[in-house]
Amino acid sequence: MKQKEIFQGVPGMLRPFKEFIETRGLKAGDQIVYYGCPGTCTPFVELLGYAIRGLDLQQVFVPFIDEKKAKKMQLVEDIGMQAAGGVTIQDPSVVVVMGGLSMPNVPVSAGQVREVISPHQNAARIGVCFMNMFDKAGWNKEIEFDLLIDAAINPVEVWK
């Protein structure tokens, strides 16, 4: 992969994601499946999902890589995207691997993620991480992404 563009802030993460999804020629009801850590990845999945809320796609969050625990993402008026009831994953058009899965002490390996997403051969693969986490963990060599969004949260300033 070659670096194509550099953006800033949250819009810099959401715009290329939305543009990529829009160029895929997806139809109403097509599935996008996000794999990530409960709690820490969930807010970023909600942001990504909110960015494409008008595209009439079925968005699904999978905690870690346990597809049996998949939850449908739905738009809640005046709140944003939220995980709701259970859903079955069926031939997703896009899979999104969140970088939290590659963090130390998370009970998931790149090989396990590759194994879970490999049946979805026709799905585009997107990686979304922060602070070069996929590269640091060696996941860039293990999983081939069609789009990789690597954002930075730096510096974090705290005032008291």
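The values are calculated or read from the model by the stated rules, or taken from the named source; none is laboratory data. Because the structure is a prediction, the values reported are computed rather than measured. For neighbour counting, all protein chains shown are included, and Cβ atoms are generated from backbone atoms with ideal geometry for every residue, glycine included.
Return the pairs, sorted by first residue and then second, in which the second residue is in a helix (DSSP H, G or I) and modelled with pLDDT under 90, the first residue lies in the stretch 2-30 and is over 17 Å from residue 60 (Cα atoms), the beta carbons are less than 8 Å apart, and the residues are 6+ apart or on different chains.
That search, which allows pairs on different chains as well, returns 6/12; 7/13.
Take the stretch 113-135 and flag every residue that is touching a residue at least 12 places away in the same chain (Cβ under 8 Å) and over 16 Å from residue 96 (Cβ atoms).
Those that are touching a residue at least 12 places away in the same chain (Cβ under 8 Å) and over 16 Å from residue 96 (Cβ atoms): 131, 132, 135.
Residue 83 is checked against (1) farther than 20 Å from residue 4 by Cβ; (2) touching a residue at least 12 places away in the same chain (Cβ under 8 Å); (3) assigned to a loop (DSSP other than H, G, I, E, B) and fails just one. What number does that condition carry?
Evaluating residue 83 over (1) farther than 20 Å from residue 4 by Cβ; (2) touching a residue at least 12 places away in the same chain (Cβ under 8 Å); (3) assigned to a loop (DSSP other than H, G, I, E, B) leaves (3) as the failure.
Does residue 100 count as within 16 Å of residue 44 (Cβ to Cβ) and either assigned to a loop (DSSP other than H, G, I, E, B) or in contact (Cβ under 8 Å) with a residue 40 or more places away in the chain (or both)?
Yes; evaluated as a whole, the condition is true for this residue.
Could you check how many residues of the stretch 120-160 are assigned to a loop (DSSP other than H, G, I, E, B), within 15 Å of the chain's Cα centre (by Cα) and aliphatic (A, V, I, L, M)?
Looking only at that region, the number is 2.
In this structure, does residue 105 turn out to be over 14 Å from the mean Cα position of the chain (by Cα) and not in a loop (DSSP other than H, G, I, E, B)?
So residue 105 fails the test.
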